[in-house]
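The values are calculated or read from the model by the stated rules, or taken from the named source; none is laboratory data. What you see is a predicted model; the values in this text were computed from it and never measured. Methodologically, a virtual Cβ is constructed for each residue, glycine included, from the backbone with ideal geometry; neighbour enumeration extends over all protein chains shown.
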């Protein structure tokens, strides 16, 4: 997405920044072949954290600005080329501040090459009162590609007045090797419907999350096992097959963002065990 794609008022109000990460396999490892990470994006060097799969590169993606602000348009392009394996995760939750009349946007484009593995697991967004955000994610899978996407949302009124966030819009699309759309998931949540004593999630729900595990059924965890594991870390969850044999979809709610973070970590662990055949080391933050 380019600055011209946004309303002129939005561009004037915030920042347009685009980060690009490209992983490729070489010398028995997955390496970061290309990196463009302008402010507020910041990345660490890739780590090889798993003895069983030293070719799996783990990269921490950070924000150097203290969150997402009014009118921001932050884009990420993540490419994992054929045969490579990469896990991109965040260092901590990201705050979305009051955006006023200039909604913020965050877009992610993911391409996973032939026989490659890609995981993007993010700590929750924390929506402050008045925050309005659009999150757009597009995934393109080549033949034999495997992917895990997992993230979450929580909300917080720093004045303790139970004021709601503005709105959150999510748009997720997944395309297969032939370009055909396999999954299309769109939703808009109004903060007034989800925050407060009459919230749709009930008194025990202060955060929610979602995940996609993309690949053939014989390379995925069993849905019941996912639900039981998430229950064990304080998340109420449901897992079910995605359309067109694309994989599994997971929805979860919890009392707070910390439990959603634990749920995202659990989904990553179960996904790696099923897809790659080993139990991954803990990603410390």
Just need a number here: residues in the stretch 81-92 that are in contact (Cβ under 8 Å) with a residue 60 or more places away in the chain and either within 18 Å of residue 167 (Cα to Cα) or over 13 Å from the mean Cα position of the chain (by Cα) (or both).
4
With 172, 153, 139 as the choices, which residue is assigned to a strand (DSSP E or B) and closer than 22 Å to residue 92 by Cβ?
153
Run down 166, 160 and say which single residue is over 21 Å from residue 251 (Cβ atoms), over 19 Å from the mean Cα position of the chain (by Cα) and either at pLDDT 95 or above or surrounded by 15 or more Cβ atoms within 10 Å (Cβ to Cβ) (or both).
166
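Would you check if residue 102 is closer than 23 Å to residue 17 by Cα, assigned to a loop (DSSP other than H, G, I, E, B) and touching a residue at least 24 places away in the same chain (Cβ under 8 Å)?
The answer is yes for residue 102.
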Positions within the stretch 30-58 being part of a strand (DSSP E or B) and either closer than 18 Å to residue 82 by Cα or in contact with a helix residue (DSSP H, G or I) (Cβ under 9 Å, 6 or more places away or on another chain) (or both), in sequence order:
30, 31, 32, 33, 34, 35, 56, 57, 58
Only one of 229, 147, 225 is within 20 Å of the chain's Cα centre (by Cα), closer than 16 Å to residue 264 by Cα, surrounded by fewer than 21 Cβ atoms within 10 Å (Cβ to Cβ) and touching a residue at least 40 places away in the same chain (Cβ under 8 Å). Can you tell me which?
229
Per the filter on the stretch 232-260, residues assigned to a helix (DSSP H, G or I) and closer than 9 Å to residue 207 by Cβ are 257, 258, 259, 260
